[in-house]
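Data first, discussion second: the structure below is written as structure tokens.
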There are 8 protein chains.
Amino acid sequence: MADKIWRVYLSGEIHTDWRTEIARGIEAAGLPVVLSAPVTHHAASDDCGVAILGPEADKAWHDRKGALMNSIRTKTLIENADIVVVRFGEEYKQWNAAFDAGMAAALGKNLIVMHRPEHAHALKEVCAASSAVVERPEQVVEILAYVIRGELSGY
Amino acid sequence: MADKIWRVYLSGEIHTDWRTEIARGIEAAGLPVVLSAPVTHHAASDDCGVAILGPEADKAWHDRKGALMNSIRTKTLIENADIVVVRFGEEYKQWNAAFDAGMAAALGKNLIVMHRPEHAHALKEVCAASSAVVERPEQVVEILAYVIRGELSGY
Amino acid sequence: MADKIWRVYLSGEIHTDWRTEIARGIEAAGLPVVLSAPVTHHAASDDCGVAILGPEADKAWHDRKGALMNSIRTKTLIENADIVVVRFGEEYKQWNAAFDAGMAAALGKNLIVMHRPEHAHALKEVCAASSAVVERPEQVVEILAYVIRGELSGY
Amino acid sequence: MADKIWRVYLSGEIHTDWRTEIARGIEAAGLPVVLSAPVTHHAASDDCGVAILGPEADKAWHDRKGALMNSIRTKTLIENADIVVVRFGEEYKQWNAAFDAGMAAALGKNLIVMHRPEHAHALKEVCAASSAVVERPEQVVEILAYVIRGELSGY
Amino acid sequence: MADKIWRVYLSGEIHTDWRTEIARGIEAAGLPVVLSAPVTHHAASDDCGVAILGPEADKAWHDRKGALMNSIRTKTLIENADIVVVRFGEEYKQWNAAFDAGMAAALGKNLIVMHRPEHAHALKEVCAASSAVVERPEQVVEILAYVIRGELSGY
Amino acid sequence: MADKIWRVYLSGEIHTDWRTEIARGIEAAGLPVVLSAPVTHHAASDDCGVAILGPEADKAWHDRKGALMNSIRTKTLIENADIVVVRFGEEYKQWNAAFDAGMAAALGKNLIVMHRPEHAHALKEVCAASSAVVERPEQVVEILAYVIRGELSGY
Amino acid sequence: MADKIWRVYLSGEIHTDWRTEIARGIEAAGLPVVLSAPVTHHAASDDCGVAILGPEADKAWHDRKGALMNSIRTKTLIENADIVVVRFGEEYKQWNAAFDAGMAAALGKNLIVMHRPEHAHALKEVCAASSAVVERPEQVVEILAYVIRGELSGY
Amino acid sequence: MADKIWRVYLSGEIHTDWRTEIARGIEAAGLPVVLSAPVTHHAASDDCGVAILGPEADKAWHDRKGALMNSIRTKTLIENADIVVVRFGEEYKQWNAAFDAGMAAALGKNLIVMHRPEHAHALKEVCAASSAVVERPEQVVEILAYVIRGELSGY
């Protein structure tokens, strides 16, 4: 049985290196996975619109231009994904992460939610639409190893 | 030209009576609109799962049961809607509201976002997917009056 | 807020009057629900194909003719439904019930599974695709009353 | 005419080596087929959820976690498949197999059902949605050889 | 259980009154069915394009204009239908009837084929996509009475 | 055969009373048609965004706000339509009209194009996606009378 | 600009070598096209069902088994195609060809019809759904060369 | 993270070499992008229909044949694209460009509009459906570099 390439989009929090952890785990396990993610450079993500299309005096339009430009990447990668992982970190509103989760759910994507225990109640609706809820990046790698190869530690 | 019935789902914050304001405005204007909303009784919304299906010792599963049950209503009403309005209030994480917005956007629904000015930057991605961004409930009524009847104050 | 008519398809076991219980509960509660179901007359369901289209010496084709004819009803009513309830009873293989559940899930319908406790493990995959798992018909009525009207006993 | 790669998902019974028989037949015939299947290690399939996400005292939630995790694989592979083969064996309820068949049918996949003669009547609805009904794994290989290459023994 | 209105499109042969037979049968049985059909006035059907849009010297464009105009009706009514009945008569190529059947099948509509016994082999592919094959109009009424009301003579 | 209500969206040029002509014709013919159209008050259509959501110094954002608000109406009515008529008048770029036509075509709507003879070549791509090309409003009424009732003058 | 691989399904008449003509033309022109077709061995196509699944005394079921098996190939290849070419020859009813055309049209595929001049009127509905109507196989190659490479003899 | 191949369709104006500018920029930046475009040879584009399928005395049908043939290419490439760029130049009606934009928007493609400042108001509806509005080809390259690689000059 040939290996299908699994596409996994890593959405959410961009202030820690959780994506790198997952990338390393996938490489170590030799899994046929292609990861994708939003642009994680915070300032570039905020300013891409005005940087390319011209400045805006109004912050709202500055943000609108950037968000629309980022949506080209987000929409395409989510639509192309087999699995979407959304991580909620400690800080920030993270409404864009929950928004990505809603999009993924509506598109019938397999959703994995990663969050801190204290957010369980606030994320109950998002989790109810998911196929798995994890706390740590390595669990995402374990899920992928199981789902793709049937590999499960101890079995 | 006969009146089409417009279905509008009011998602989000359930701690103020913003939905009632919109309902009154729609009635006063005699607009052919059917409003829908999530269950707004906070305790019922949290406990519906265990109340009907049996108790759970684990809060996470208590919440899971309830969220799944609420999703029957939410998914159906969003799928049936022509317009989805999502209001972000002052408190709470409101990730379910952003999640609803993402679902609506992915389903190609017309999205109206209502938020306080201080949340503009945090909601930039959600707003970028919207057709209008408002601050007050009466603006929703004005948008509906315009979109449905072409009525615009002063014109 | 005007009442949307909720369409609920009751699939599965046709050897008890569980559908009638639900119909009574819905009527008593005055819920805006239209129920539908497969043809519950066992012999008619088995013989409809040959009865109308002509006899078949081979039982397999006798069954094929009937199943195809019944599928006209099943497919249409499931596609029209907002909610699909599938009840697994005590007897029979009931593979058509599980098949209906799979169709409903793939079509994005809200699925409620009704089963006896002893079938929980065998139905784990079907239940995982559901929004609620119940044991008794009255629970279906309670779910509908909550999901449609926000009514929850004790709240 | 270049060879399209045909993707075939083998669902159902995981207690015999019927999938291996098909794999060997495909290899011997040199068919451009990529086979996929659920995780066939029974214990791993049952425990994957708790093994990765943490234990559950309640068997129902133990099963729910595992079934949700397995659904990531099942949904993705069925959605990617050109043909879904579902085999019903001798034992077990096999409601998940019938569920997979319903999903495949609703998604417009080409469905092949493999079953023992004594199950014909119980599987009439599932078979009515199929493109072929077989008894033995080698017949699946013959169908693929015909459908893909137009090869038919004796012709 | 309230009556759903079933929409049935009667495609194909327009040289006999088979549609009227079905209409009478449906009325006599009091079935909640709305029938639709192509324009059955042969000359009007051929000339509608040039009659409204202006003459064409070239018969091919005369026909093209008419066929495009007729497609407005056909496409709409087939898309709206729950069931599509296609009758193949004695004469004419009837490629448009087979074309309608292909459209209906691709759109997931329930297809009923009506044909004379001598056409069975030529219609094998079309029939394979159908849910029932009949010879006489009254059989269509019987199927509808069964599928809609569970009524089956002798049961 | 009961009358289906046909929904027809009249897009394009808003500087003549062509829509009123069609409305009168439909009423005179007693056709079961519900017409819809964009907001035809030019100033209201341009200013709706800023009038309700607040002023914008930048004309581009003034226009963006209004266009997004108008899109709520346009998208909904086109999606609900069975037939979309797009009229190209004498003046203006009318790119929004061609845009509507493209949307309608992609959504599989039946498209009727109304244009002046001198625009035939420039509209060749739009017309190629249409089911009929007319010059005058009364022709639209004639098409509807034929398509809906099979009525054709002289036949 | 890298070459996209264009997939072209050649449906219809299987009694001449028209497909081979197209294949040679494509190879000579070096076009990035992958051709597909139904099984063209008439007897194998008729008997594939009974040959693999077992004999049927009734010719109708003999045909049904074969047609269902052939549909696995047809449906998959049409769904995968960018362009579907349907050729109507001199003989036979060819309802399966018109059926394929209807499927292709409903799936939004680009349809090219090949027919003899005398069939123009009988094929008017099928042609109305097409993007091109040709008489000879070499014209299909010319269309592909133009559509894929912009190559047009004399330009 | 492996590079996904991004497909970008460049629609619109065919009288300048703006596509070549973008192609050079993409090559220089080494972006994993496959560009596609309509046939840009004006005469070939106009005459392809009659050149291959035979002459037409009537210019409207000459144009119809050509537009239908060109639509095979346009529809396929737009459906395959991740991003559609539509450029409005100085001359011509360019209704086909706006039509392409409408198609792309309805298909959920990411739309980038390129236009001269003086067309902003006339293109407000088209721009409202876009993710970015640019004036110069190099900006398209910058957007792609950002969206695909997260590369932004100065960040």
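No value in this document is a laboratory result; all are computed from the given coordinates. Predicted model only: the values in this text are computed from it and were never measured. Please note: Cβ atoms are built from the backbone with ideal geometry, for glycine as well, and neighbour counts cover all protein chains shown.
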For q values of 0.15, 0.22, 0.24 Å⁻¹, compute log₁₀ I(q)/I(0) with the Debye formula on a Cα-only model of the range A:53-101, without solvent.
-0.54, -0.91, -0.98
Starting from a Cα-only point model with no solvent, please compute log10 I(q)/I(0) by Debye for chain H at q = 0.12, 0.17 1/Å.
-0.54, -1.01
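I need E:Lys4, F:Lys124 ordered by Cβ neighbour count within 10 Å, fewest first. Working shown, then result.
Working: E:Lys4 15, F:Lys124 23.
Taking fewest neighbouring Cβ atoms as first place, the list is E:Lys4, F:Lys124.
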Residue closest to axis [chain B; rotation mapping onto A; Cβ; Å]
B:Gly102, 1
Hey, if you drop one equal point scatterer on each alpha-carbon of the protein assembly as shown and run the Debye formula without solvent, what base-10 log of I(q)/I(0) do you get at q = 0.04, 0.06, 0.07 Å⁻¹?
-0.21, -0.49, -0.70
Give me a comma-separated list of calculated 3J(HN,Hα) values for the range G:93-106, in order, Karplus coefficients 6.51, -1.76, 1.60 applied at θ = phi - 60°, integers in Hz, x for any Gly or Pro.
5, 6, 5, 5, 5, 5, 5, 4, 4, x, 4, 4, 4, 5
Evaluate the distance, in nm, between pseudo-label points positioned 7 Å from the Cα of H:Asn80 and of C:Lys59 along their respective Cα→Cβ axes.
5.3
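Exposure proxy check: D:Cys48, A:Cys127 ranked by fewest other beta carbons within 10 Å?
Result, fewest neighbours first: A:Cys127, D:Cys48.
Using the number of other C-beta atoms within 10 angstrom as an exposure proxy, rank E:Arg24, G:Arg19, B:Arg7 with the fewest first.
On the way: E:Arg24 14, G:Arg19 23, B:Arg7 19.
With the sparsest Cβ surroundings first, the list reads E:Arg24, B:Arg7, G:Arg19.
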Against the 2.2 N^0.38 Å rule of thumb, the C-alpha Rg of the range C:105-155 sits at a ratio of 1.25
Would you kindly derive the ³J(HN,Hα) couplings of the range C:41-48 from the backbone phi angles with the Karplus curve 6.51 cos²θ - 1.76 cosθ + 1.60 (θ = phi - 60°), listing them in order in whole Hz, with x for Gly and Pro?
7, 3, 5, 4, 4, 6, 9, 3
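For the protein assembly as shown, give me the percentage of DSSP beta bridges that are antiparallel, rounded to the nearest 5 percent. Working shown, then result.
Numbers: 0 of 136 bridges.
The antiparallel proportion sits near 0 percent.
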Measure off 7 Å from each Cα along the Cα-to-Cβ vector at C:Tyr92 and H:Glu90, then give the distance between these two points in nanometres to one decimal.
7.6
Looking at chain E as a GNM with Cα springs under 10 Å, which of E:Ile22, E:Ile72, E:Ile112 has the largest mean-square fluctuation?
E:Ile72
Whole-Hz ³J(HN,Hα) for each residue in the range F:112-122, computed from phi via Karplus 6.51 cos²θ - 1.76 cosθ + 1.60 with θ = phi - 60°, x for glycine and proline: what do you get?
10, 10, 10, 8, 7, x, 5, 9, 3, 5, 5
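Okay, helix-only estimate at 222 nm for the protein assembly as shown: each DSSP H run of n ≥ 4 adds -39500 (n - 2.57), divide by all residues, round to 500 deg cm²/dmol; what do you get?
It lands at -15500 deg cm²/dmol.
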Distance from the Cα centre of the range G:80-98 to that of the range B:119-155, in angstrom?
51
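Counting other Cβ atoms within 10 Å of each Cβ, which GluC sites (Glu not before Pro) in the range F:62-155 have at most 10 and sit in a DSSP loop? Walk me through the numbers on the way to the answer.
Details: sites: F:Glu79, F:Glu90, F:Glu91, F:Glu118, F:Glu125, F:Glu135, F:Glu138, F:Glu142, F:Glu151; in loops: F:Glu90, F:Glu91, F:Glu135, F:Glu151.
In loop regions of the range F:62-155 (DSSP not H, G, I, E or B), the sparsely surrounded GluC sites (Glu not before Pro) are F:Glu91.
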Scan around F:Lys93 for amide H atoms under 5 Å from its own, H built in the peptide plane at 1.01 Å from N, and keep only partners 5 or more places away or cross-chain.
none
